[in-house]
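Enquirer: Sharing a structure here in structure tokens format.
Throughout, read-outs are computed from the coordinates displayed, never taken from laboratory work. Note that the coordinates shown come from a computational prediction; the quantities given were computed from them, not determined experimentally.
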Amino acid sequence: MIDTLTRLRNLGNTVLVVEHDEETMLSADWLIELGPGAGEHGGEVVAQGAPADFLTADCQTARYLHGKESIEIPKERRQPRSAAPSRG
């Protein structure tokens, strides 16, 4: 996916991706964190910059990328309520 996004950019396209995958984020030209919270508690630009600069910011995403914060993987996963509808 990263190669495809890079090719699109190199062809002169502006590519905007909402992503939480570390490898994809660190491959970006520019990162933006909106917050400080979600939904009605967010919406402001908390931090932005090239990845090297962004990692020096005092923001939640930079702390996750540095490993200073983490999300514990649940011991049990929720089961889906129903199967996704068929697209046939």
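Enquirer: Okay, helix-only estimate at 222 nm for the chain: each DSSP H run of n ≥ 4 adds -39500 (n - 2.57), divide by all residues, round to 500 deg cm²/dmol; what do you get? Before the final figure, lay out the partial values.
Expert: Numbers: 4 runs with 25 residues, N = 88.
The helix-only estimate for the chain comes to -6500 deg cm²/dmol at 222 nm.
Enquirer: Let a ≥ b ≥ c be the square roots of the eigenvalues of the Cα gyration tensor of the chain; is it rounded (a/c under 1.5), or, if not, prolate (a/b larger than b/c) or oblate? Kindly include the intermediate steps, with their values, before the conclusion.
Expert: Numbers: a/c = 1.81, a/b = 1.17, b/c = 1.55.
It comes out oblate by the Cα gyration axes.
Enquirer: What percent does the relative contact order of the chain come to when contacts are Cα pairs within less than 8 Å and at least six residues apart?
Expert: Value for the chain: 16 percent.
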